[in-house]
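None of the figures in this text is laboratory data; all of them are computed from the coordinates on show. Only a predicted model underlies this, so the values are computations on that prediction, with no experimental measurement involved. Cβ placement follows ideal geometry from the backbone for every residue including glycine, while neighbour counts extend to all protein chains displayed.
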Amino acid sequence: MENEIRLDDLPPTYQQIAMVIGIENVVKLGRELGGEQFYLPKLDVCLARVKKRKIIEEFKGGNYGELARKYGVTSFWVREIIKKHRREMINKKQTVSTLNAG
């Protein structure tokens with residue numbers, strides 16, 4: 001019966017989504033998440049996370065300016081990303097050490 005669903009059978013919200021990802025995928029979403037409410041952030045949120053991850057991966061110890069130019073941000077922002085990442089790594093190591101010691 002699901003394969004018989006047409007666009008005009010769907011509620012307006014589903015129709016909008018179906019026009020982007022197709023009816024078959026809307027049916028899958030409805031099956032998995034039907035009845036749930038969730039917020040779908042703009043893609044910019046995901047892209048910002050990718051940018052941060054790439055900066056961390058490509059950091060070589062002093063290439064702040066190069067990464068800033070490549071990713072269209074300031075050197076200060078690159079430094080902040082690296083500083084935060086280092087803090088997170090230190091905290092993670094301390095947590096593991098504490099768990100292993102106990």
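Quick check: Cα centre of region 70-102 to Cα centre of region 21-55, how many Å?
What the calculation gives is 27 Å, centre to centre.
Grab the eigenvalues of the alpha-carbon gyration tensor for the chain, scale each by 5, take roots, and send me the semi-axes largest first in whole angstrom.
They are 43, 22, 10 Å, listed largest first.
Which of LEU7, VAL50, GLY30 sits closest to the plus end of the dipole of the chain, meaning its Cα is farthest towards the positive end, when Lys and Arg get +1 and Asp and Glu get -1 on the C-beta?
Value computed over the given set: VAL50.
Given points 7 Å out from each Cα along the Cα-Cβ axis, report the TYR39 to GLU66 separation in nanometres with one decimal.
My value for the distance between the label points is 3.8 nm.
Are there chymotrypsin sites (Phe, Trp or Tyr not before Pro) in region 1-66 that DSSP marks as loop and that have at most 13 other Cβ atoms within 10 Å, and which are they?
Working: sites: TYR14, PHE38, TYR39, PHE59, TYR64; in loops: PHE38, TYR39, PHE59.
Listed in order of number, the matching sites are PHE38, TYR39.
Using only the Cα atoms of region 43-101, what semi-axes does the equivalent ellipsoid have when each is the square root of 5 times a gyration tensor eigenvalue? Give whole Å, largest first.
Gyration-tensor ellipsoid for region 43-101: 26, 14, 8 Å.
When the helix-only estimate is applied to the chain (DSSP H runs of n ≥ 4, each -39,500 (n - 2.57), divided by the residue count), what is the mean residue ellipticity at 222 nm, nearest 500 deg cm²/dmol?
Estimated from H runs of four or more residues: -23000 deg cm²/dmol.
What order do you get for 75-83, 46-54 when each peptide is scored by the mean count of other beta carbon atoms within 10 Å, highest first?
Working: 75-83: 15.4, 46-54: 12.6.
Answer by packing, highest mean first, reads 75-83, 46-54.
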